[in-house]
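A.B. asks: Quick one: this structure, given as structure tokens, is what I'll be asking you about.
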Amino acid sequence: MKAFIKKYEIWIFLVLAPIVNVLFVYVRAEGHMNSFSYNHGRFGVLLLLLVLIVKFTRGNEGIKDMFRPMLKWKVHPKWYLLSLIFAFTIASLTLILKNIYHGVEFSSLLNFDVTIKSLNMTFIVLIWAFMGEVVWVSYCIRQLSKITNPFYASQIVGVVWTLWWMPIVLHGEAVIPDFPFWFLLVGMMGTAGMCAVVYGHTKSGIAVWLLQFMLNMSLLMLAVSPRRGGIPTYATFVILYYLVMLGFMYFMLKPKNKVSMVK
């Protein structure tokens, strides 16, 4: 049994992650869990599931390997800059296009939601982004990249990531509401792809962590989410994000620039 689980470790995790989350959300929906445990526990349970599987198959060394990318911080500053501004730039471009199409005053679109400026909310988003980076990038994309190229690895992860989010979105608590499924899928595949780009060139979990943090903050701060900007605005944002990601991925996968995801 151990040999089987070790051989198919990544696939077992990818199957179990959405299933376990369905059960977790169901417990909350039935009223057997308080909101604090639900809001933070969904990410903790995801990470705990991965830790238990890796501990069973590869012991403590496997767990250390999961977190190893988070120790690499010496990368070229351009990757930190890209991680810092990428999502914010795509969101701003989305609002510019909305301004051109609808003739709305741009200054009214570029309106920051000051309610998320509290240190408490920023810290929570930072922690959630950390757990997501370790699970979906440092582990999943890196493991899948051992058997396929980074693009396919990231898109597989994007699909499973979407399936993991679905029960949370359907339940509708502690999540940006009204996410359409297909655009959620495009968004997660774009997110996973861009994480693969940054990780592929830096091997740094910290750079990817910053990329994820800024994506979450951009959705909260600027009027591009379904709640603040409407579904057409959000659809434009995720499509632009995905298309730009494809451009980065294309140049990353060119033979002379091809990089290894496994390190």
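A.B. asks: Does segment 76-91 hold any residues that are surrounded by 18 or more Cβ atoms within 10 Å (Cβ to Cβ) and either among the small types (Gly, Ala, Ser) or at pLDDT below 95 (or both), and which are they?
C.D. replies: 83, 87, 91
A.B. asks: While we're looking at this one, here's another question. Kindly provide the set of residues from segment 27-43 that are farther than 17 Å from residue 134 by Cα and touching a residue at least 60 places away in the same chain (Cβ under 8 Å), ordered by number.
C.D. replies: 28, 29, 35, 38, 39
A.B. asks: Sticking with this structure for a sec: Among the residues of segment 56-75, count how many are surrounded by fewer than 13 Cβ atoms within 10 Å (Cβ to Cβ) and touching a helix residue (DSSP H, G or I) at 6+ places or on another chain (Cβ under 9 Å).
C.D. replies: Residues flagged as surrounded by fewer than 13 Cβ atoms within 10 Å (Cβ to Cβ) and touching a helix residue (DSSP H, G or I) at 6+ places or on another chain (Cβ under 9 Å) within segment 56-75 amount to 2.
A.B. asks: Going by the conditions given, is residue 28 surrounded by 14 or more Cβ atoms within 10 Å (Cβ to Cβ), among the charged types (D, E, K, R) and within 22 Å of residue 175 (Cβ to Cβ)?
C.D. replies: Values: surrounded by 14 or more Cβ atoms within 10 Å (Cβ to Cβ): yes; among the charged types (D, E, K, R): yes; within 22 Å of residue 175 (Cβ to Cβ): yes.
So residue 28 passes the test.
A.B. asks: Restricting the search to segment 148-184, which residues are under 19 Å from residue 199 (Cβ atoms) and surrounded by fewer than 18 Cβ atoms within 10 Å (Cβ to Cβ)?
C.D. replies: Hits for segment 148-184 are 148, 149, 152, 159.
A.B. asks: What about residue 174, is it touching a residue at least 40 places away in the same chain (Cβ under 8 Å) and in a loop (DSSP other than H, G, I, E, B)? If you could, list the steps in order and put the result at the bottom.
C.D. replies: Working: touching a residue at least 40 places away in the same chain (Cβ under 8 Å): yes; in a loop (DSSP other than H, G, I, E, B): yes.
Judged against the criteria, residue 174 is a match.
A.B. asks: Applying the selection to segment 67-84, what residues are in a helix (DSSP H, G or I) and among the aromatic types (Phe, Trp, Tyr)? Quick ask: steps written out before the conclusion?
C.D. replies: Taking segment 67-84 and keeping what is in a helix (DSSP H, G or I), we get 67-71, 77-84.
Within segment 67-84, 67, 79, 80 qualify.
Quick grid of which residues meet (1) in contact (Cβ under 8 Å) with a residue 40 or more places away in the chain; (2) among the aliphatic types (A, V, I, L, M); (3) more than 24 Å from residue 245 (Cβ to Cβ):
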residue: 17; (1), (2), (3): yes, yes, no
residue: 22; (1), (2), (3): yes, yes, yes
residue: 25; (1), (2), (3): yes, yes, yes
residue: 45; (1), (2), (3): no, yes, yes
residue: 65; (1), (2), (3): no, no, yes
residue: 79; (1), (2), (3): yes, no, no
residue: 85; (1), (2), (3): yes, yes, no
residue: 88; (1), (2), (3): yes, no, no
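A.B. asks: Find the helices (runs of 4 or more DSSP H) located wholly in segment 181-250 whose residues include 1 or more that are under 16 Å from the mean Cα position of the chain (by Cα) and at pLDDT 95 or above, and list them.
C.D. replies: By residue number, 181-202, 205-221.
The values are calculated or read from the model by the stated rules, or taken from the named source; none is laboratory data. None of the values given here were measured: they were computed from a predicted structure. Note that we place each Cβ from the backbone using ideal geometry, even for glycine, and neighbour counts take in every protein chain shown.
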